[in-house]
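Asks: I'd like to ask you about the structure that follows.
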Amino acid sequence: VETVLQLRRGSIAPTIETLFKAVIDAQRKQIARQIQDISVKFEDALNTFIAMNPTAFDGVCLPETTMTKIYGAVQDSGDARHVFLRPHGLNTLCNDYGFDRSGLLSRLKDAEIFQPYLKNKVKENGEKMLDSDGSPILEEVDYKQMKIRGSTGWAYHFVISNTENEWTQQIAPEK
């Protein structure tokens, strides 16, 4: 641009650089707001979906155990609710509450709602692998690898924090 306009070198570059930085910063903030909006809506929809279909969810249930209900399972702990949705359950939730599946999981993963399940890493003989301090080593299990015993297919793992404004305080500033 400087050559074409026959400007002295370096006079326009700082202005363009500042402009690009401002545009990129505005886009990051907009993406963070969109992720926040979708995560709040999804949390509300998921909690409502569970409340409206209590007989379609198993109660306390780990993914390694048998999941008998049609939509999935719910495990409540003190600070979080873990929801394991079968594909049919996620499809029903999206259809009933108007969520577009394209990009939904990646946005929920950015908001740390959709998470791979953590399991113990084991040696070939089945023994748990331990860290140097003696604690078990955990590894992420993607939902497509997280088979549910006694069912056909896998489950999506969602974690909903019971702490108010966790997104605003911790996750949004990093995005």
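Read the figures in this text as sums done on the coordinates, not as results from a lab. Just so it is clear, the structure is predicted and the values come from calculations on it, not from any experiment. Positions of Cβ are backbone-derived with ideal geometry, glycine not excepted, and every protein chain shown enters the neighbour counts.
Asks: Report, by chain and number, residues whose modeled amide H sits under 5 Å from the one on residue 80, excluding near sequence neighbours (fewer than 5 apart, same chain).
Replies: 162
Asks: So, one more: Pick out, in residue order, every one of the trypsin sites (Lys or Arg not before Pro) in region 93-138 that is DSSP loop and has at most 11 other C-beta atoms within 10 Å; say none if there are none.
Replies: 101, 123
Asks: Taking θ = phi - 60°, what integer Hz values does the Karplus form 6.51 cos²θ - 1.76 cosθ + 1.60 yield along region 113-128, in sequence order, with x for Gly and Pro?
Replies: 8, 8, 9, x, 7, 8, 10, 5, 7, 10, 7, 4, 7, x, 6, 5
Asks: Under 5 Å between amide H atoms, partner at least 5 residues away or on a different chain: which partners does residue 114 have, H built in plane at 1.01 Å?
Replies: Those qualifying (amide H under 5 Å, at least 5 residues apart or on another chain) are 109, 159.
Asks: For residue 122 and residue 20, compute 0.36 nm times the residue count separating them, minus their Cα-Cα distance, and round to one decimal in nm.
Replies: 31.9 nm
Asks: For region 25-36, in order, what is each residue's ³J(HN,Hα) by Karplus, 6.51 cos²θ - 1.76 cosθ + 1.60 with θ = phi - 60°, in whole Hz (x at glycine and Pro)?
Replies: 5, 5, 5, 4, 5, 5, 4, 4, 5, 5, 5, 4
Asks: Taking H as built 1.01 Å from N, whose amide H comes closer than 5 Å to the amide H of residue 122, not counting residues under 5 places away?
Replies: Those lying under 5 Å, H to H, from residue 122 are 129.
Asks: Once you have the Cα-Cα distance between residue 33 and residue 99, take 0.36 nm times their residue separation minus that, and quote the gain in nm to one decimal.
Replies: Length difference between fully extended and current span is 22.1 nm.
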